[in-house]
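Let me begin by presenting the structure, written as structure tokens, before commenting on it.
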Amino acid sequence: MTASEHTQTTLGFGEFSRRFVARLWPWYVSGTILLAAINLINLQIPQLAKEIINRLVAANDLSGERGTALAIIGLGILTIIIRSLSRVLIFWPGRQVETAIKSHLFARTLLLPETFYARFGMGDLISRLSNDVSQLRAFYAFGVLQVLNVAFLTVFTLAKMASVHATLTMLLLIPLTLTFVITRFAMPRMHQYSSSNQQAIGALTNRVTEAFVNVHVIQANAATDTFVGRAAEKNQEVFQTAMKMVYIRTLIWPLMTCLAGVSQLVVLLYGGHEVIAGRLSVGDILAFNVYIGLLTFPLTAMGIILSLLQRARTALERISAIDRATPELQSSPHPQAPRASIQHDDKPMLEIRDLHFSYPDAASPALRGINLRLMAGQSLGLFGRIGSGKSTLFQVLTRLYDPPPATVFWRGEDILNIPPSELRRDIGLALQQVHLFSATIRANLAFGITPEPPMAALIEAARQAQILAEIESFDRGWDTEIGERGVRLSGGQKQRLALARVLLRMPPLLLLDDVLSAVDHTTERRLIDEFYQMKSSLIIASHRGSALVRCDEILILDDGYIVDRGTYQSLVKNHPELISAQ
């Protein structure tokens, strides 16, 4: 577990049960009642067997015991039916808990900020949402079943045995006491090993997922053996941590079984003495041995319950990192003034005042002293080498990362006062790095828009992005499946399709993060013409000076600073790189 996770309040069994399990109480209560009935029925079978043995010893005749034998068979059949039903009643809530927590955690991850995802790998998050949640399902289904079985069997069986012979029963409590001693010794180590194992599984899942996502890069660089070796290292860690738990269980379970054997020896020695003394019957000895057989399950089940409990405890700690993380849609922690409701035409649409910004744990700032004003309908260009701060500025403007208070204002209001979802409806961001889904072209353009936009709007957005003709040339047109991450499209087609998705939303401010890098100059000119025909204000970041010629103002960035600003004509004299980057 990471240090950042330790700083959060861990989700405990009590809170988790109140939130996700308590509503399922009718199922658990029904199952508990049936389990109690099963254990009471099971206690009657040894008594019936005791009667048969005692009569056999006394009269050496079983001719009159047919009814008793049939009663034993009937109780056995009834036990099968009730036990099966009880397992259904208790296992079903476990599946419901798994479904509820998976849905909750997935919905929550979609609300978390970029800073959260910077802490975890994709595979580790998937492991927490799948493997760790499955551990909770196992505990709240099979684990609860075993706990109830152990409780009923122990209490009912010991009470029945005590009613027959209290002293012998007290002697049999010694193994149970030793069981609790062993459990207390083993639990901390099981928790430690379980935590290490589940972290190792998360690291392995992360490594494998990373390889699958970048398989084309691995193959192109003949790095298959390297990645196989790295995965094998993580796999070995999973094996080693799992084996540590196996060692503990291998030690505990034989001890539990041995204690059951000790109990039987006590019955034979002390119980035999009591039979000779006439204080117990042979049938009582038989019944005691059957009861010991029933108690053997609680002794051995303690190891199972211990393992399930520790895995569930570790799973709760790991999913707490998701459940306790602060969603970005909550209120900003900074003091906020009341939101402005009026936008005056003489005030800038976007204003940045002395913005300094650093990524979490970064050694140096990514943006230093940024100041700018953008009026409605204006266009602004950003030019600079890679790493100069262009993409960072866009991430701050859309609150993928929050800026310091009172530094960025949208329509006269601090953007920290505006919910990110609302802000992003006004400020559309088109990225150079394209993100498409394994779905149809229509679905990729319209996702997240409710109600679904009309076909005319889709066509207009595709026309503006210069991809309409290519869409219509596909055999299935708008219903063409583009594959995972748009694998069936070229680089330029992906970029223009992603651009069309942003244009479809017609935001008041459009941020274009080097979206022209994969298109030719002819298509670039057409796209720029479309941009300036839109009603949106523009901020264009580009490595191509030709994309910025028509901007009202251009900012030249270097190492997070604005080193110069002005129109294209005024800057090109002192910055010939604007021409060389055409």
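In the list Ala500, Ala518, which residue meets the criterion of being within 38 Å of the chain's Cα centre (by Cα) and surrounded by fewer than 19 Cβ atoms within 10 Å (Cβ to Cβ)? Give the derivation first.
Numbers: Ala500 fails: surrounded by fewer than 19 Cβ atoms within 10 Å (Cβ to Cβ).
None of the others qualify; the one that does is Ala518.
Filtering region 420-438 to residues that are in a loop (DSSP other than H, G, I, E, B) and surrounded by fewer than 17 Cβ atoms within 10 Å (Cβ to Cβ) leaves Gln433, His435, Phe437, Ser438. Residues in region 1-57 that are of a type in the set (A, V, I, L, M, F, W, C), modelled with pLDDT of 80 or more and part of a loop (DSSP other than H, G, I, E, B): Leu11 only.
Only one of the numbered conditions (1) surrounded by fewer than 19 Cβ atoms within 10 Å (Cβ to Cβ); (2) within 30 Å of Gly293 (Cβ to Cβ) is violated by Trp25, and that is (2). Put simply, of Arg207, Arg119 the only residue that is surrounded by 17 or more Cβ atoms within 10 Å (Cβ to Cβ), at negative phi and assigned by TED's automatic domain parsing to the domain that holds Ile305 is Arg207.
Number of residues in region 538-564 that are free of Cβ contacts under 8 Å to residues at least 40 places away in the same chain, within 17 Å of Leu374 (Cα to Cα) and crowded, with 17+ Cβ neighbours inside 10 Å: the value is 0. From the list Leu511, Leu497, Leu489, the lone residue that is in contact (Cβ under 8 Å) with a residue 12 or more places away in the chain and either part of a helix (DSSP H, G or I) or on the phi > 0 side of the Ramachandran plot (or both) is Leu497. Of (1) closer than 23 Å to Gly492 by Cβ; (2) modelled with pLDDT under 85; (3) not β-branched (Val, Ile, Thr), Ala465 satisfies all except one. Which? Result: Ala465 passes all but (2).
So which residues in region 218-243 are closer than 19 Å to Ser195 by Cβ and modelled with pLDDT under 80? Working first, answer last.
Residues of region 218-243 that are closer than 19 Å to Ser195 by Cβ, as a first pass: 234-243.
Listed by number, the list is empty, since nothing qualifies.
Taking the criterion of being modelled with pLDDT under 90 and in contact with an Asp or Glu (Cβ under 6 Å, 6 or more places away or on another chain), the only residue of region 402-428 that qualifies is Pro420. Ala541 satisfies every condition listed in (1) farther than 21 Å from Asp529 by Cβ; (2) under 45 Å from the mean Cα position of the chain (by Cα) except (1). Here's a check for you: in region 442-483, which residue that is among the aliphatic types (A, V, I, L, M) and outside any helix (DSSP H, G or I) is surrounded by the most Cβ atoms within 10 Å (Cβ to Cβ)? Looking at residues that are among the aliphatic types (A, V, I, L, M) and outside any helix (DSSP H, G or I), I get Ala465.
Residues in region 429-450 that are at pLDDT below 80 and of a type outside the set (A, V, I, L, M): Gln432, Gln433, His435, Phe437, Ser438, Phe447, Gly448, Thr450. The set of residues from region 58-78 being modelled with pLDDT of 85 or more and touching a helix residue (DSSP H, G or I) at 6+ places or on another chain (Cβ under 8 Å) comprises just one member, Leu78.
Screening the candidates Leu259, Leu178 for the property of being under 30 Å from Leu158 (Cα atoms), among the aliphatic types (A, V, I, L, M), modelled with pLDDT under 75 and surrounded by fewer than 17 Cβ atoms within 10 Å (Cβ to Cβ) yields one hit, Leu178.
If you filter region 389-403 down to residues that are of a type in the set (Val, Ile, Thr) and either crowded, with 21+ Cβ neighbours inside 10 Å or not assigned by TED's automatic domain parsing to the domain that holds Tyr561 (or both), you find that the one that is nearest to Ile427 (Cα to Cα) is Val396.
The values are calculated or read from the model by the stated rules, or taken from the named source; none is laboratory data. Source: prediction; values computed, not measured. Because the Cβ atoms are built from the backbone with ideal geometry, glycine has one as well, and the counts that use them run over all protein chains shown.
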